[in-house]
Amino acid sequence: MIVISDTSAITNLVAIQHLQLLPQLYNRVTIPEAVYRELTEVNPPVPGTLEVKLAPWIEIRPVVNQNVVERLRLKARLDPGESEAIALALELNADLLLIDERRGRAEANRLGVKITGLLGVLVEAKQKQLIFAVKPLMDALIAGCDFRVFTALYAQILAIVGEA
């Protein structure tokens with residue numbers, strides 16, 4: 001299974017101390033070089049800086065078709081990490097792209113890329129019994145990570161996992 005990740009899934013999972021869910025669910029996660037840079041070339045470091053450098057299950061890949069990246073940056077107004085993540089997902093015919101930003105998700109959908117976000121990862125982790133509950137993790141994301149979740153989506157996720 002080929003899974004590509006944008007920056008936010010990694011930083012937010014590190015922030016709530018659940019990065020291990022990615023290799024447990026997907027074995028290997030591929031990130032484009034721009035995501036690697038967003039995680040490692042910032043000062044002060046962000047959650048995930050050290051982890052992404054050390055995790056043997058994270059593969060860093062360059063995007064070959066830079067025209068797609070530029071089109072996504074200019075026309076869809078996506079940041080470098082999102083643009084490269086979508087472009088890499090297209091190049092590798094990825095099974096799944098982990099992306100949370102609304103414009104990036106919309107563009108990936110438009111291009112036919114199968115996506116899920118951080119909340120989808122948590123739902124899958126609960127369904128596979130890798131975590132006991134989703135609600136405390138969503139609450140931690142909202143309280144400590146400036147993660148925004150519409151009230152209706154919050155309720156829908158809890159209903160899906162049987163925590164409503």
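Quick note: the coordinates plus some simple rules give every number you see, no bench work behind them. Just so we're clear, the structure is a prediction, and the values are computed from it rather than from any experiment. Glycine gets a Cβ as well: all are built from the backbone with ideal geometry, and neighbour counts include every protein chain shown.
Ordering 119, 13, 160 by Cα displacement along the dipole of the chain toward the positive end leaves 160 in first place; charges were set at the Cβ atoms of Lys, Arg (+1) and Asp, Glu (-1). Note on the chain: Lys pairs 8 or more places apart or on different chains, Cα atoms under 22 Å apart, count 4.
Within 10 Å of each residue's Cβ, count the other Cβ atoms and sort 95, 146, 100 from fewest upward.
Details: 95 13, 146 9, 100 21.
Result, fewest neighbours first: 146, 95, 100.
Ranked by how many other Cβ atoms sit within 10 Å of their own Cβ, fewest first, the residues 42, 29, 35 fall in the order 42, 29, 35. Separation of the range 112-157 from the range 35-62 is 22 Å, based on Cα centroids.
Checking every one of the trypsin sites (Lys or Arg not before Pro) in the range 37-128 against DSSP loop status and a limit of 14 other Cβ atoms within 10 Å picks out 75, 77, 114, 128. Taking each DSSP H run with n ≥ 4 as -39500 (n - 2.57) and averaging over every residue of the chain yields -15000 deg cm²/dmol at 222 nm.
For the chain, just say rounded, prolate or oblate: build the C-alpha gyration tensor, square-root its eigenvalues into a ≥ b ≥ c, call rounded for a/c under 1.5, and beyond that prolate if a/b exceeds b/c, oblate if not. If you can, show how the numbers build up before the last one.
On the way: a/c = 1.62, a/b = 1.40, b/c = 1.16.
Because a/c hits 1.5 or more and a/b exceeds b/c, the chain counts as prolate.
Give the residue list of GluC sites (Glu not before Pro) in the range 22-97 that are DSSP loop and have at most 10 other beta-carbon atoms within 10 angstrom.
Working: sites: 33, 38, 41, 51, 59, 70, 82, 84, 91; in loops: 41.
Here the sparse-neighbourhood loop sites are 41.
Full-extension gain between residue 114 and residue 59, please, as 0.36 nm times their residue separation minus the C-alpha to C-alpha distance. Walk me through the numbers before you get to the answer.
On the way: separation 55, 0.36 × 55 = 19.80 nm, distance 1.94 nm.
That works out to 17.9 nm of additional length.
If you take the square roots of the eigenvalues of the alpha-carbon gyration tensor of the range 22-84 and sort them as a ≥ b ≥ c, do you get rounded (a/c under 1.5), prolate (a/b over b/c) or oblate? The shape class here is oblate.
Springs between Cα atoms under 10 Å define the GNM used for the chain, and in it the highest mean-square fluctuation of 106, 143, 85 occurs at 143.
Here the gap between residue 93 and residue 135, fully extended at 0.36 nm per residue and compared with their Cα-Cα distance, gives a gain of 11.9 nm.
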